[in-house]
Amino acid sequence: MIIIDKLAYSSKLRYKNPTVKAAFSVGSLLICVGARSFIISLIILAVMGGLTVLSSKISILRYLKLMSIPFGFMVLSTVAIVVNITDSPMGLASFPVGGKYLAVSWYSLTEGARLVAVALSSVSCLYFLTLSTAMLDILVVLQKLRCPKIMIELMMLIYRYIFVILDMASAITTSQNCRLGNKDFMTELRSVGQMLAVLLVRSLKKSSLLFESMESRCYDGEIRVLNEYYPVETRDAVAVAGFLTVMLVIAVLL
């Protein structure tokens, strides 16, 4: 079981109604993306981060580590927005490159920072949902939204198969390390390539065996699982509606 799945099942919000949690997370995400405001992004980031840390068995450092993964991609993707190519020096800073200048203006820097803040807030909304709601509960919400059955089936199969691939990759990596497959950079790079090649072949074979085992159990194109029912608590629904209303009012005023 991967760490995100462990945290979801051990969260204090695990037995809250998944529809309410999904509405809270997705509603906050839509408001954040629609408003594109520093204030709203920081508020949602603080609320989602605080609720995730307090409700899940996760430390602040581990949560920041999880947030640092998308943060690195966001910073790299905003470089094209922050840095502009000009014919003459301008803005806050300019760096000559050949006959052109790489310039950073106050406007581009502000827009880049705004984009990173909105993106981080959006990621925090998704982290809140994934770290407090099991995958099966999320699929139940999708069923209530009348999502196509084929999409839900594929999501369930892919989610389950992730654990199979991770287990095979872990076994292959352990075997390579026991044979000094990571003694230097080039050897480790070669080992990773060999591991991926073997993993592709084994995963294809494993998927064929998995489908055969499903057919032997009378698989008819639909996976049926037992879903738990979590009643909607009035306090939670009112709190979510109140928070989303306040955020929406702030977005309109800004």
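Which value in nm describes the separation of the simple spin-label points at Ile158 and Tyr219, placed 7 Å from the Cα toward the beta carbon?
With each label placed 7 Å out from Cα toward Cβ, I get 1.7 nm.
In deg cm²/dmol and to the nearest 500, what is the mean residue ellipticity at 222 nm of the chain if only DSSP H runs of at least 4 residues count, each as -39500 (n - 2.57), divided by the residue total?
Per the formula, -25000 deg cm²/dmol.
For the chain, return all DSSP H helices satisfying: extent of Cα atoms along own axis at least 24 Å; mean Kyte-Doolittle hydropathy at least 0.0.
Sorted by number, the helices that extend far enough and score high enough are 18-35, 38-55, 60-77, 106-132, 149-178, 185-216, 234-253.
Going down the list Lys65/Lys183; Lys21/Lys57; Lys12/Lys65; Lys21/Lys149; Lys183/Lys206, which pairs span over 25 Å between their C-alpha atoms?
Result: Lys65/Lys183; Lys183/Lys206 exceed 25 Å.
Among Met156, Met48, Met186, which one shows the highest mean-square fluctuation when the chain is modelled as a Gaussian network with alpha-carbon springs under 10 Å?
The residue that fluctuates most here is Met186.
Projected onto the charge dipole of segment 88-246 (+1 at Lys/Arg Cβ, -1 at Asp/Glu Cβ, origin at the Cα centre), which of Leu200, Val164, Gly112 gives the Cα projection farthest towards the positive end?
Comparing the listed Cα positions along the dipole, Leu200 ranks first.
In what sequence do Ser191, Ser203 fall when counting other Cβ within 10 Å, fewest first?
Lowest count first: Ser203, Ser191.
Whole angstrom only: what separates the Cα centroid of segment 227-254 from the Cα centroid of segment 102-136?
If we compute the Cα centre of each part, the gap is 21 Å.
With charges set only on the Cβ (+1 for Lys and Arg, -1 for Asp and Glu), what does the dipole of the chain come to about its Cα centre, in debye to the nearest 20?
With only Lys, Arg, Asp and Glu charged at Cβ, the dipole is about 380 debye.
What spacing in nm lies between the two simple spin-label points modelled at Ser203 and Leu30, each 7 Å away from Cα in the Cβ direction?
It is 3.4 nm.
Figure the gain on full extension for Leu254 and Met67 (residue separation times 0.36 nm, minus the Cα-Cα span) and round it to one decimal in nm.
The Leu254-Met67 span can extend by a further 64.6 nm.
Could you tell me what a quarter of the Cα convex hull surface of segment 78-207 works out to, in nm² with one decimal place?
Mean orientational projected area (segment 78-207, Cα hull): 14.2 nm².
So, in Å, what gap is there between the alpha-carbon centers of segment 28-67 and segment 137-160?
Taking the Cα centre of segment 137-160 as reference, the centre of segment 28-67 is 25 Å away.
What is the order of Phe243, Phe211, fewest Cβ neighbours within 10 Å to most?
If I rank by nearby Cβ atoms, fewest first, I get Phe211, Phe243.
State to the nearest 20 debye the size of the charge dipole of segment 159-233 about its Cα centre, where the only charges are +1 on K and R beta carbons and -1 on D and E beta carbons.
With Lys and Arg at +1 and Asp and Glu at -1, about 480 debye.
Check which residues have an amide H placed less than 5 Å from Ala93's amide H, if you skip close sequence neighbours.
Under 5 Å from the amide H of Ala93: Val104.
In whole angstrom, how long is each semi-axis of the equivalent ellipsoid of segment 167-254, when you take the square root of 5 times every eigenvalue of its Cα gyration tensor and sort them from largest down?
Semi-axes from the Cα gyration tensor: 47, 28, 13 Å.
Report, in debye and to the nearest 20, how large the dipole of segment 93-236 comes out about its Cα centre when Lys and Arg carry +1 and Asp and Glu carry -1 on their Cβ.
Computed charge dipole of segment 93-236: roughly 400 debye.
What order, most packed first, do the peptides 68-76, 9-17 have when packing is the mean number of other Cβ atoms within 10 Å of each residue?
Result, highest mean Cβ count within 10 Å first: 9-17, 68-76.
Please report, in cubic angstrom per residue, the volume enclosed by the convex hull of the alpha-carbon atoms of the chain.
Value for the chain: 202 Å³ per residue.
Kindly state, to the nearest 0.05, the FRET efficiency for Met90 paired with Val246, given R0 = 51 Å and r defined as their beta-carbon distance.
The calculated FRET efficiency here is 0.80.
So for Leu61, Leu226, fewest C-beta neighbours within 10 Å to most, what's the order?
Result, fewest neighbours first: Leu226, Leu61.
Let me know the Kirkwood hydrodynamic radius for segment 148-216, please, with Cα pairs as the basis and the value in Å to one decimal.
13.6
Report relative contact order for the chain in percent, whole number only (criteria: Cα-Cα under 8 Å, sequence separation at least 6).
So the answer I get is 31 percent.
Using Cα springs under 10 Å in a Gaussian network model of the chain, which residue among Leu120, Leu180, Leu64 shows the largest mean-square fluctuation?
Result: Leu180 has the largest fluctuation of those listed.
In nm, what is the difference between 0.36 nm times the number of residues separating Leu180 and Leu126 and their Cα-Cα distance?
In short, 15.5 nm is gained.
Calculate the spin-label point distance for Lys100 paired with Ala237, positioning each point 7 Å from the Cα along the beta-carbon direction, and give it in nanometres.
Placing both labels 7 Å beyond Cα along the Cβ direction yields 5.7 nm.
Read-outs: derived from the displayed coordinates by stated rules, not from any lab. Quick caveat: nothing in here was measured; it's all calculated off a predicted structure. Using ideal geometry, Cβ is built from the backbone for each residue, glycine included, and neighbour counts are taken over all protein chains shown.
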